């Protein structure tokens, strides 16, 4: 970055420096005002080293350099702060995205002394909010229970976070704080342990967070640096969609990796729930590929069960790490033959790999023991990517899988909780930052794969949606939202996930068959007593974002196969362009998987001259719901087309003021409605 010159600003001049280099967006964050949501006395960040607490407003803080650069639709500012009573410097980084009130913030801590310094806590952001009544929206998370939302008055100390070692096992790294119509949202862009604290004080509330300080510390050698996780903060004066829209726009333009496959957004078939590892084999996979091609699907993914010991009864978890071994009892022709078969049918080939996992019977345990993550001498079941040799092995392994098997898509899973992570001291990290180093290393491996194989799609998965965060979405193309996929669950998870993530990076399956009894999905998704509208209702919950199925395709009843094929064509021709490029609005509250919440669920996608509404009437819903579309032009007329139904015209002003009544749906029914500007008389 070009330097603005050597400075010597005291801590109370820092707000002025922010304004000069951050422009009008930061003005909304820092200018003193009785109406301001963020207090100008905010400490901005916090670094704790022993009994030292360093912030942007510490009495001994001196701003000695500011550098700013316009960069790809944003302004990135670095403010270097030295402390006269410390051997540490802190660089405060702020990236303001033009056209939004979203700021990406992080700090870099540097040891400028002659001896090691222990860093015990780093808060990437630390704000002060004036005293007022606030409402806090946050989401807890567990397997099959992702995005369980809670909205409550902010009263007393509230601490959000995860200590499982996976960012969204326990809670999702996102919050939205409201004061009337004013809203502040925050998301920690980190895949490991994180925390956000809301702490009352005599003047209001302190809000701070970043990487979790639980069992975490870093020994910084002389000259050493620590870059803390980034945090994305957004302001809005309106509803939640005003916040979410900023995250979507910035994600699409700046954060999410993209290639031709991700822009295509292919419809997926994956074998897992209907076969798992015990029932999948070469014959079954080939038969499903044939059926997928007939039904109009575009990607076939071979999930776990393809690798390891050549034993038809082998369990996939035991052999994670042995990605050089194919289970020949199940797949006698090998992976390349299957990949070629998929490509000959005009489809893409996807392959599952838990590259971090290390099974108890894996040959890798004995051949490369130096790669294993351990804590206090006990193996943790994964490979520590804080170790340079592990990163080199993982990069070479993924490169071989992609090249030898002609993979178009890699599903990267992670099915365990690392907790505080590895504390070996022979991996290149210290005893207190093993998990931190692992995720930094994993990110670098993913970036290397994308650099070498730019057209391969990388899917993030972790026991469904238990490692879903903006940090991971800087390095993978999309993320799997959850393992189960019954309608209320799909709609609840999608409603919550898209507050933080744009819909096209959210992958869900619809209508899965489970070979194993499921604790939540206790019904038969293909019950022969179901009516076509009920099958459509279930399929359509997956079509809101990136979409897939896990079904025994060759065994589908003809009428259900016809509904799958119909919706595959509908998605490709009419829906996914809205998903990929449209603005998303929630026209209803969130349904809940337990049968409570809003029993109508409706989403709107908006392109410049046309809109798509997808509406669901859940069990227990009233017979009629009036929806109020967003973003219409009052002076325009709109052609309304209900899929397989009526056509009519209404003025935008009428739709905005009076709404669109929906009263023709049965329970477990859905509607797809297109609104297009119509200037004809």
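Figures for the structure shown
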read-out	value
Gyration tensor (Cα) of the chain, equivalent ellipsoid semi-axes in angstrom	41, 35, 20
C-alpha center-to-center spacing [the range 538-568, the range 105-143] in angstrom	44
Share of alpha-carbon pairs per 10 Å distance bin for the range 586-677, given as whole %	17, 51, 26, 6, 0
Rg and Dmax [Cα atoms of the range 29-176; Å; Rg one decimal, Dmax integer]	17.8, 51
Alpha carbon centroid spacing (whole Å) that separates the range 373-438 from the range 448-507	20
Inter-centroid distance (Cα atoms) of the range 57-89 relative to the range 209-254, Å	17
Relative contact order for the range 586-677, counting Cα pairs under 8 Å that sit 6 or more residues apart, in percent	32
The chain - percent relative contact order, Cα under 8 Å, separation 6 or more	10
Fraction of antiparallel bridges per DSSP, the chain only, in percent to nearest 5	85
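Values quoted throughout were computed directly from the atomic coordinates according to the rules given, and no laboratory measurement underlies them. Computed from a predicted structure; not experimentally measured.
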